[in-house]
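The values are calculated or read from the model by the stated rules, or taken from the named source; none is laboratory data. Every value quoted in this text rests on a predicted model; they were computed, and no experiment measured them. We place every Cβ from the backbone using ideal geometry, glycine too, and count neighbours over all the protein chains shown.
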Amino acid sequence: MFELTAEALILLLRLALVGLIYLFLGMIALAAARELRLLARQAPQAGAARRGAHLIVVDPGATRLASGAVLALRPITRLGRAADNTIVLDDTFISAEHAAIVQRDGAWWVSDRGSTNGTLVNERPVQGEAEVQPGDVVGIGDVRLKVAP
Amino acid sequence: MTMRVRAARPRWLELMLLAIPVLLLAVGLTQIALARGEAPGTQDEVLVAVLGAGLLVVHFWLTVRHPQADEVLLPTAAMLAALSMVMVARLEPGLASRQAIWVGLGAAALLATLVILPGIDWLRRYRYTWAALGLLLVLSTFVFGVDPNGSGARLWLGFGGVYFQPSEVLKVLLVVFFAAYLDDYRELLTLSSVRIGPVSLPPLPYLAPLLLMLALALGLVVLQRDLGAALLLFGLFLAMLFVATGRITYVVASLALFVLGADLLYRLFSVVTVRVETWLDPWATASTTGYQLVQGLTALAAGGLVGSGLTFGYPGYIPAVHTDFMIAAIGEELGLVGTLGVVGLYVVLVHRGLRVAMLTVDPFASLLAAGLTSVIGIQALVILGGTLKLIPLTGVTLPLLSYGGSSVLANFVLLGLLLAVSAEPRRGHDAP
């Protein structure tokens, strides 16, 4: 019969101690993978539920944006010429900090951030804040961006 | 607070995962006893029972009242707590039962946080009270502070043989304050700016209260020579400011400030000078100021890939091994494998915490979760990096792993807040 000596038992327990840490990490990795697969299955519906989540470049003006390019809208999207904006518009007619599009109560709001030449929604200047729906066109300098779901 | 009736839903994943830390504690204590040539005693059984019972009670409460809460956070914290009980039993057998009491009280504090907290919004409402309370606690160490273990800094408050470190509480209270303040002024801080020539600066008047609070907190801990806490608070401020505004300019400006501040401290305080020089070359002063670091590095090297096994190494030569230098003992006796396992546990903790922050709908709760998670992550980085000689060594505890009452309690309360946030309405689940 195989007899368990104290040394062998200690070795086994040593292996078990470190093994348990990795068993734990492995179980969490498995759970996370399962959750990711579940999320991937739900993702299409979740995307459709959100409104006006993108901007489509209708007219890039003098900027380097490509016509027809799709830009994602963030809950706080800052537009302007300065490099730290969410969407950088490199055109001299556009102020360093030109406009902002903010998500609030499930809607999107455009505001001008004190720009020199103003911000337009459907070619009308924005006073304070203006709500935009999918299909509206935001004008900044010569750039035209269409709000899209 | 909305009264939403939710059916209790079993939390199978959490229950399954919770079995592992209890098993880990039993295995560890048995191995230590056998290696010392004894049979596992009643004290070992009591320790396992305390951990198991504490975890089950919290699990039960979560199942009944917060079935939506994250199921991985509690087991991961329990793994670290179990490992801390094993290591304390190995390093300081006399303190093993004390650490078990602290873990038990920690579980009770977690439960109390979940039971008493009248909703996340209540934390937001009393934001200035929390900030003032934290500063007052730290301020009181100037008057009543004691130094029970001869570390050279009077960072503790004592009542009848029990010592308590206020800076551990300050970090949690400051997260709440920062989250509430940043939530109030998020749009202003993100959108508007003051222009000076070609440079656009953030709107300073709105940042002032935040900076003032940070300066006060930092000043207090720096005056106390608690450099680890100062580094932690600054990193926390930076992380939360970035999460709230998403502006890289803030990060760059703050880092520039950090470099200036670090240089100033290096010149003004001899403590900092010594720390930096020890970091650059600990072997030059291996018998004096570099002793702890050199002993720690030697222990890590001696451990190799799989370690010597518990009780077969000599971590007793490292000063403060059961508090700040816990990872050196783990490296020596459980090896690189064990050390990476511990780092893996912290990664899981940070990942789950940030996941809670991302899924939460309420911006304040989201910022709160991100801040609490940052505290754990940054604190672990500061002390792990310090022990491994990646950055200058500053003494902070390894969250949930180091021996110490206030650290264990504060981290369990922090975990309770994180679990409370994770039970709030989430994106794609409860939200319309």
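Look at A:THR86 and say whether it is surrounded by 18 or more Cβ atoms within 10 Å (Cβ to Cβ), free of Cβ contacts under 8 Å to residues at least 24 places away in the same chain and closer than 27 Å to B:VAL361 by Cα.
Values: surrounded by 18 or more Cβ atoms within 10 Å (Cβ to Cβ): yes; free of Cβ contacts under 8 Å to residues at least 24 places away in the same chain: yes; closer than 27 Å to B:VAL361 by Cα: yes.
Judged against the criteria, A:THR86 is a match.
Mind checking which helices (runs of 4 or more DSSP H) fall wholly inside region B:192-294 and carry at least 2 residues that are within 14 Å of chain A (Cβ to nearest Cβ) and modelled with pLDDT of 80 or more?
Details: elements: B:204-223, B:227-245, B:248-268, B:270-280.
The helices (runs of 4 or more DSSP H) meeting that bar are B:227-245, B:248-268.
State the number of residues belonging to region B:380-417 that are touching an Asp or Glu at 6+ places or on another chain (Cβ under 7 Å) and part of a helix (DSSP H, G or I).
4
So in region A:104-132, with the set limited to residues that are within 11 Å of chain B (Cβ to nearest Cβ) and not charged (D, E, K, R), which one is surrounded by the fewest Cβ atoms within 10 Å (Cβ to Cβ)?
That would be A:GLY106.
In region B:317-368, what residues are at the interface with chain A (Cβ under 10 Å from one of its Cβ atoms) and charged (D, E, K, R)?
Once the filter is applied, which keeps residues that are at the interface with chain A (Cβ under 10 Å from one of its Cβ atoms) and charged (D, E, K, R), region B:317-368 yields B:GLU333, B:ARG352, B:ARG355.
Would you confirm, using the coordinates I've provided, whether B:GLY37 is within 13 Å of chain A (Cβ to nearest Cβ) and assigned to a loop (DSSP other than H, G, I, E, B)?
yes
Looking for whichever is in a helix (DSSP H, G or I), touching a residue at least 60 places away in the same chain (Cβ under 8 Å), within 13 Å of chain A (Cβ to nearest Cβ) and farther than 22 Å from B:TYR346 by Cβ here; the options are B:LEU25, B:LEU74, B:LEU29. Which one fits?
Working: B:LEU25 fails: farther than 22 Å from B:TYR346 by Cβ; B:LEU74 fails: farther than 22 Å from B:TYR346 by Cβ.
Criteria check complete, one pass: B:LEU29.
For region A:80-149, please list each of the strands (runs of 3 or more DSSP E) lying entirely inside it that holds at least 1 residues being touching a helix residue (DSSP H, G or I) at 6+ places or on another chain (Cβ under 8 Å) and closer than 14 Å to A:ALA53 by Cα. Write out each step before concluding.
Values: elements: A:99-104, A:107-112, A:119-121, A:129-132, A:137-140, A:143-148.
Strands (runs of 3 or more DSSP E) meeting the threshold: A:99-104.
Going by the structure shown, is A:GLY26 farther than 17 Å from B:LEU334 by Cβ, out of contact with any helix residue (DSSP H, G or I) (no Cβ under 8 Å at 6 or more places or on another chain), modelled with pLDDT of 85 or more and not β-branched (Val, Ile, Thr)?
Working: farther than 17 Å from B:LEU334 by Cβ: yes; out of contact with any helix residue (DSSP H, G or I) (no Cβ under 8 Å at 6 or more places or on another chain): yes; modelled with pLDDT of 85 or more: yes; not β-branched (Val, Ile, Thr): yes.
Yes, satisfied.
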